[in-house]
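Participant: I'd like to ask you about the structure that follows.
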Amino acid sequence: MNVSDYLFRRIRDAGVTHSFGIPGDFALPLYAAQEKAGLKTIVMTHEPSVGYAADVYARIHGLGVAIVTYGVGTLNMVNAVAMAYAEESPVLVLAGAPEVGWQVGDTLFHHRVKSPATQLRVMREVTVAQASILDPTHAVEAIDEVFDAIRRHSRPGFIEIARDLVFAPVTVTPAPVARPAPPNREALDEAVAEIVARLNAAERPVICAGVEIERFDQMPAFRRLVEKLNVPVATSLMGKAVLPENHPNSIGTYFGRIGPDDVRKYVEAADCVLALGMHLSDVDVGFDSALLARRRMIQATADGVNISHHRYPGIALADVLAALLKADGLTRHGFAGFARSAPQSAAAKPWGTGAIIDELNRFLTPAHVVIADTGDCLFASVVLRAEQFIGPGYYASMGLAIPGAIAAQIARPNWRPVVLIGDGSFKMNGVELGTARDYGLNPIVIVLNNRSFGTLRAADRDREYYRVRPWDLVGLAASIGGHGIRVTNIEEFRAALREAQASTGFVLIDAQLPEGDASPTLLRLGTEYGGKIRVE
């Protein structure tokens, strides 16, 4: 067995069937080894897209793999890997590296920046574990350490391999199976007993569900707990759809004063808030943490449990869920459903983002996965009812959605991606739709085209540099092998959705909105958040 045999065996054992990448000279041995191992690469147009695609594949599949060349490839996707780190996505970045002799000497080889180790030092800032394979004697151990850290923390890891060592022989000896450290049973029992007592005493409890429920593979256990407790569930924007939004206990997405009033009032009136897998970032709480009183809060994450003002460190979310499911004394509450505000007829609404979201609420089925990019397409999705939803709700980097749609359909061929993206974000990597065409994929892409960076405009005011110059998106779609439809009202949009659903190729719907159009959610965000950033 050689280094690459062992590496790709670990990848295959994780259930990965496809990686994402762009070949480059230092990475060519890795690509050859991957082909030999029976894995396929989806070749993207630009390294940031590689990172975003691997991120979304990881969110769905449990591990995503990116393969890039040394220096120019790896450093070109730092931002995408940073988002995966911030949003707890288990991505493995594989990079080629120069021969060992070049790295230990002072050779001025191409793609070098400051020193041969610059790439590794940069990646340390955006990954949870790193390995530089310069000696095959320690390769197996180093690879295992990175894989174990990715799994344990649900965050990216990085491995670079000198290209003259990719096929170097290694000896693999059976190693002890890496198991997570057992929880502090006494602390866990004490924390769970306190959680049970508080839930049982509560007259109006609510669960706030965050993204860690999905990241740490706890969605089945979480759903069983919800049904055992029979309490209402609001998700964070990051955790949207960790409980399907047609579930009888779902009350929608909590986003503070920026989100729907009925959800906000219900959550903030609760006498006990059980926050599971939710970090309470500024985005989670709608930019105002004071709305959720700490004295009523129980927070369980992968790092520990906080109950009001005291903490049980080192108790994992999975252990808390498992213990609550086994707890005999947990009271079943009498939640009888939540009367959500009835959506206004899309035909009765002015043409704009709000009408599009209402129409999508009628169009979406369990076979659709919605992937929203950053901007009003994400904020407007607070009131979208989706079975599967992916969006960059914390790190908030533009550019995720279209590469993410490719990865989502590769990971789950039975899903049909529906992309929501602004015209500003689309200009970053919209031509990646040509990659979707190359691999026979058929996402439905809806461009909310208001000819502006709408979030900045709403939070500040109209400025020249917030305006986005229009492109012929219909012509662009045709030029890269797809179909484009320009729509200017809700009837045309509804017809375009029907046409897109019937298509076997990708369809781009250019939704021509009034300039400066903004969803009700974005308008509230401008009011609440704008004062923090506005400069006169």
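The values are calculated or read from the model by the stated rules, or taken from the named source; none is laboratory data. What you are looking at is a predicted structure, and each value in this text was computed from that prediction instead of being measured. Neighbour counts are summed over all protein chains in view; Cβ atoms, including those assigned to glycine, are modelled from backbone coordinates with ideal geometry.
Participant: Among the residues of region 118-147, what is the count of those that are charged (D, E, K, R) and either surrounded by 20 or more Cβ atoms within 10 Å (Cβ to Cβ) or touching a strand residue (DSSP E or B) at 6+ places or on another chain (Cβ under 8 Å) (or both)?
Facilitator: If we filter region 118-147 for residues that are charged (D, E, K, R), which is where we start, we get 121, 124-125, 135, 141, 144-145.
Those left that are additionally either surrounded by 20 or more Cβ atoms within 10 Å (Cβ to Cβ) or touching a strand residue (DSSP E or B) at 6+ places or on another chain (Cβ under 8 Å) (or both): 124, 145.
Residues in region 118-147 being charged (D, E, K, R) and either surrounded by 20 or more Cβ atoms within 10 Å (Cβ to Cβ) or touching a strand residue (DSSP E or B) at 6+ places or on another chain (Cβ under 8 Å) (or both): 2 in total.
Participant: Thr107 - would you say it is of a type in the set (S, T, N, Q), without any contact (Cβ under 8 Å) to a residue 24 or more places away in the chain and on the phi < 0 side of the Ramachandran plot?
Facilitator: Values: of a type in the set (S, T, N, Q): yes; without any contact (Cβ under 8 Å) to a residue 24 or more places away in the chain: yes; on the phi < 0 side of the Ramachandran plot: yes.
Considered against the rule, which asks whether it is of a type in the set (S, T, N, Q), without any contact (Cβ under 8 Å) to a residue 24 or more places away in the chain and on the phi < 0 side of the Ramachandran plot, Thr107 comes out as yes.
Participant: Looking at region 373-387, which of its residues are in contact with a strand residue (DSSP E or B) (Cβ under 7 Å, 6 or more places away or on another chain), under 12 Å from Ile357 (Cα atoms) and not in a helix (DSSP H, G or I)?
Facilitator: Those that are in contact with a strand residue (DSSP E or B) (Cβ under 7 Å, 6 or more places away or on another chain), under 12 Å from Ile357 (Cα atoms) and not in a helix (DSSP H, G or I): Leu384, Ala386.
Participant: Okay, moving on. Within region 21-32, count every residue that is farther than 19 Å from Thr435 by Cβ and surrounded by 21 or more Cβ atoms within 10 Å (Cβ to Cβ).
Facilitator: Residues that pass the stated criteria total 2.
Participant: Filter region 33-56 down to residues that are under 22 Å from Ala436 (Cα atoms), among the small types (Gly, Ala, Ser) and surrounded by fewer than 17 Cβ atoms within 10 Å (Cβ to Cβ), then give me how many there are.
Facilitator: Here the count works out to 1.
Participant: Ok, one more. From the list Leu525, Leu441, Leu448, Leu508, which residue is of a type outside the set (Lys, Arg), in a helix (DSSP H, G or I) and out of contact with any His (no Cβ under 6 Å at 6 or more places or on another chain)? Explain how you work it out, then say what you get.
Facilitator: Values: Leu441 fails: in a helix (DSSP H, G or I); Leu448 fails: in a helix (DSSP H, G or I); Leu508 fails: in a helix (DSSP H, G or I).
Residue meeting the stated conditions: Leu525.
Participant: Kindly indicate which of Val166, Val172, Val146 is under 21 Å from Ala14 (Cα atoms) and in a helix (DSSP H, G or I).
Facilitator: Result of the check over Val166, Val172, Val146: Val146.
Participant: What is the number of the single condition among (1) part of a loop (DSSP other than H, G, I, E, B); (2) small (Gly, Ala, Ser); (3) modelled with pLDDT of 95 or more; (4) crowded, with 24+ Cβ neighbours inside 10 Å that Gly393 does not meet?
Facilitator: So the condition that Gly393 fails would be (3).
Participant: Filter region 451-494 down to the residues that are among the basic types (Lys, Arg) and assigned to a strand (DSSP E or B), then identify the one that is modelled with the lowest pLDDT.
Facilitator: The first filter runs over region 451-494 and keeps only residues among the basic types (Lys, Arg), leaving 451, 457, 461, 463, 467, 469, 486, 494.
Filter once more, so that each one left must be assigned to a strand (DSSP E or B): 467, 486.
Numbers: Arg467: 83, Arg486: 98.
Filtering first and then ranking leaves Arg467.
Participant: Still on this structure, I have one more. Return the total of residues in region 130-156 being under 15 Å from Gly64 (Cα atoms) and of a type in the set (A, V, I, L, M, F, W, C).
Facilitator: Qualifying residue count for the region: 4.
Participant: Pick from Glu212, Glu186: which is surrounded by 15 or more Cβ atoms within 10 Å (Cβ to Cβ) and either touching a His at 6+ places or on another chain (Cβ under 8 Å) or not basic (Lys, Arg) (or both)? Give the derivation first.
Facilitator: On the way: Glu186 fails: surrounded by 15 or more Cβ atoms within 10 Å (Cβ to Cβ).
Just one listed residue meets the conditions, Glu212.
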